[in-house]
Amino acid sequence: MAGGVWGRAREAPVGALTLTALTEGIRARQGQPQGPPSTGPQPRSWELKPEAEPQTQALTAPSEAEPGRGATVPEAGSEPCSPNSALEPAPEGPHQVPQNSWEEAVLADLALYTAACLEEAGFAGTQATALTLSSALEARGERLEDQVHALVRGLLAQVPSLAEGRPRRAALRVLSALALEHARDVVCALLPRSLPPNRAAAELWHSLSRNQRVNGQVLVQLLWALKGALGPEPQALAATRALGEMLAVSGCVGATRGFYPHLLLALVTQLHKLACSPHSPDMPKIWVLSHRGPPHSHASCAVEALKALLTGDGGRMVVTCMEQAGGWRRLVGAHTHLEGVLLLASAMVAHADHHLRGLFADLLPRLRSADDLQRLTAMAFFTGLLQSRPTARLLREEVILERLLTWQGDPEPTVRWLGLLGLGHLALNRRKVRHVSTLLPALLGALGEGDSRLVGAALGALRRLLLRPRAPVRLLSVELGPRLPPLLDDTRDSIRASAVGLLGSLVRRGRGGLRLGLRGPLRKLVLQSLVPLLLRLHDPSRDAAESSEWTLARCDQAFCWGLLEEMVTVAHYDSPEALSHLCHRLVQRYPGHVPNFLSQTQGYLRSPQDPLRRAAAVLIGFLVHHASPGYVNQDLLSSLFQDLGRLQSDPEPAVAAAAHVSAQQVAMLARARGRPRGPRLLRLAPRPARPPPVFADSPFQRPSLAGRWGCSGPRRV
């Protein structure tokens, strides 16, 4: 940089304008005695002794400074990071204005000449220069904190105008030298200037991050600034951005050893506060690591800081898992934040288990926090970490269970939901066999909740319970008898799919007893659910349809029906021939249940979903065609005929056509049932066969996935 302060520093010896000379000038301005002038050569700043005699005449007043330098010093009075560090107003008086202007100009010179000394001294002289700098500031006799603020402002103003290379690096090392002794004051001075995003402030944060001797202290101060703020205040937002800038520097994450869990939880909690802030959108755009430039929002900055914290500590797989599962997007949403926390905890259990003990220990006091957002975030993390058996063993099982059951009595549905998820994770722990009798009532009671999250969590926990050795199959079969069938027809897609999957898991665990003719409650539950399972093969929800297919396959295996091929064909191709064969086998196997099958199917004729109405009409036609007249009473046939007659005026042509064909089958069965009984010998003669129903192809058939496995189409019979 030609001319200016750096130019003069190059022309004269470095000691010509030393820190001690500036100190003497400050003392003279305050009326303190100065040391006698010296005629000997000037020592360098890191070689100064208390008795050194600088050439005070080398100190230039601001009026003699080169043009443009004084204009780069920002105004005093910017807001500090805490009320205790607020700048005190200066006393009134005309003499105060030139006094403050002179002091800020001297402090700017002090910063620049300190940088000049450091440029010559190298890194070894940093600590000695920091001590000298601290002494120079304390010599003013005023609050040291205020002078650090002014010095940092001077650096912010001067650094952008310095040339790249040694001059800029040396100037940035002034900040590191100051942070060695005054880390808190440096952080408090830089934070207010980090919002809005500032290139010069970012450069100063990066320089602090690269200095291994000060980055740990600075990170601790930023952590306390983040935790000490209430909500998305400017201080918390600035601390979040500063953490993002520092953690993005390679190697800085190593300085978080000892407070890594604190920092991770603080960032996640800050994301929750940002998501719930009325000034923040529910789903802001996420800035990914591959992009260049500052994040678009404070939430994006917090996400990037969290990614950098995980990546720098060897948790790249955690970041990848979160991206694949949409965890980052969930973390920044007001209504999905806790789901993102659960995903993050699961990813850490799988790929970053070396921090789980520390996280678990830090979570316990947060579970009783008065701050709702902090408490809910801690609860979600606590619930997710229960998936790690070594971590769950840090507390006695009775203590964990008592805490989770206490959450079930909370009036907040979110707390109850997290408790149910925790009970589900606890159910997988094989050591906690004796607590099944305590777990089961809480899980079964949640099946009657109105919140879909609670019902889904309870169904998932019950399914996990069936994965354990010695699962209580009979007890669950009895308890689920009156509770599970209504959930098979729930209006919520996810609940239907989960309920059908739970039934399949129950059948798979009890198939041994079913083959031997045992498991009476389970056999009754399966036969009661058979019609919903067959009709749900045509469910508009793909998850519910696939879950029904899987459960029917488990039932076929347990009951030895031999109908697996027909079930798969109906599921993927909606084949009338396969459905006819399936109904024929069921009517032969369970003739006494045919009226129940028909009554259940009749209820689906009023379904609001067109595919289910058509599927119900078709199923009635085949059941009636294969049923014996003696097992179906006249009242049921009359009711079916009336409902099918009304359905023939359905606005959907495919539904009306299917209802017309099935109504003909009902009429033929009613006529066969109403024939007068003749002599015994005549009754031995075969009855005339009723013609089978013929249905047109369904317009609701989904594209089959069976072709992916090289399967051919349905077999025509």
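General observations
- Counted residues, segment 335-354 - those being of a type in the set (Gly, Ala, Ser) and at pLDDT below 90: 1
- Selection over segment 173-193 of residues that are closer than 12 Å to ARG241 by Cα and open to solvent by less than 10 Å² (accessible area, probe 1.4 Å) gives a count of 2.
- Any chance LEU619 is more than 52 Å from the chain's Cα centre (by Cα) and buried (at least 18 other Cβ atoms within 10 Å of the Cβ): no
- Selection from segment 464-482 of residues that are buried (at least 16 other Cβ atoms within 10 Å of the Cβ) and over 13 Å from VAL436 (Cα atoms): SER477, GLU479, LEU480
- Inside segment 159-172, residues that are open to solvent by 20 Å² or more (accessible area, probe 1.4 Å) and either at positive phi or touching a residue at least 60 places away in the same chain (Cβ under 8 Å) (or both) make up a count of 4.
- Verdict on LEU237 being assigned to a helix (DSSP H, G or I) and at pLDDT 90 or above: no
- Of everything in segment 196-223 that is of a type in the set (S, T, N, Q), farther than 11 Å from GLU245 by Cβ and open to solvent by less than 20 Å² (accessible area, probe 1.4 Å), the residue that is modelled with the lowest pLDDT is ASN211.
- Residue, farthest from the chain's Cα centre (by Cα), within segment 627-664, restricted to residues that are modelled with pLDDT of 95 or more, of a type outside the set (Gly, Ala, Ser) and within 16 Å of CYS583 (Cβ to Cβ): VAL661
- Selected residue (criterion: most open to solvent (accessible area, probe 1.4 Å)) from residues of segment 306-355 that are of a type in the set (S, T, N, Q) and under 15 Å from the mean Cα position of the chain (by Cα): GLN324
- Any hit, segment 550-570, residues being open to solvent by 20 Å² or more (accessible area, probe 1.4 Å), at pLDDT 95 or above and within 20 Å of PHE700 (Cα to Cα): no
- For segment 622-653, the tally of residues that are open to solvent by less than 20 Å² (accessible area, probe 1.4 Å) and assigned to a loop (DSSP other than H, G, I, E, B) stands at 2.
- Which numbered condition GLY409 fails, given (1) assigned to a helix (DSSP H, G or I); (2) within 30 Å of ARG470 (Cβ to Cβ): (1)
- Scanning segment 463-487 for residues that are basic (Lys, Arg) and not in a helix (DSSP H, G or I) turns up ARG468, ARG470, ARG483.
- Where a residue in segment 300-314 is closer than 18 Å to ASN215 by Cα and its partner, wherever it lies, is open to solvent by less than 10 Å² (accessible area, probe 1.4 Å) and part of a loop (DSSP other than H, G, I, E, B), with Cβ under 9 Å and at least six apart: LEU309/GLY315; LEU310/ALA352; ASP313/ALA352
- Among residues of segment 604-616, those that are assigned to a helix (DSSP H, G or I) and open to solvent by 40 Å² or more (accessible area, probe 1.4 Å), counted: 2
- Exclusive hit being over 37 Å from the mean Cα position of the chain (by Cα) and not aliphatic (A, V, I, L, M), set ARG523, ARG492, ARG508: ARG523
- Lone qualifier among THR569, THR551, THR601 - being touching a Gly at 6+ places or on another chain (Cβ under 7 Å), β-branched (Val, Ile, Thr) and either in a helix (DSSP H, G or I) or touching a residue at least 12 places away in the same chain (Cβ under 8 Å) (or both): THR551
- Any chance LEU363 is in contact (Cβ under 8 Å) with a residue 60 or more places away in the chain, open to solvent by less than 30 Å² (accessible area, probe 1.4 Å), assigned to a helix (DSSP H, G or I) and in contact with a helix residue (DSSP H, G or I) (Cβ under 8 Å, 6 or more places away or on another chain): yes
- Of all residues making up segment 366-385, the number that are outside any helix (DSSP H, G or I) and among the small types (Gly, Ala, Ser): 2
- Residues of segment 571-600 that are within 11 Å of ALA627 (Cα to Cα) and open to solvent by 30 Å² or more (accessible area, probe 1.4 Å): HIS584, ARG585, GLN588, PRO591, GLY592, HIS593, PRO595.
- Output for segment 244-271, where each listed residue is in a helix (DSSP H, G or I), open to solvent by 30 Å² or more (accessible area, probe 1.4 Å) and small (Gly, Ala, Ser): GLY254
The values are calculated or read from the model by the stated rules, or taken from the named source; none is laboratory data. All values reported here derive from a predicted model rather than from experimental measurement. Neighbour counts run over all protein chains shown; Cβ positions are idealised from the backbone, glycine included. With ligands, DNA and RNA removed, areas are computed over all heavy atoms of the protein, side chains included. Shrake-Rupley method; radii C 1.70, N 1.55, O 1.52, S 1.80 Å.
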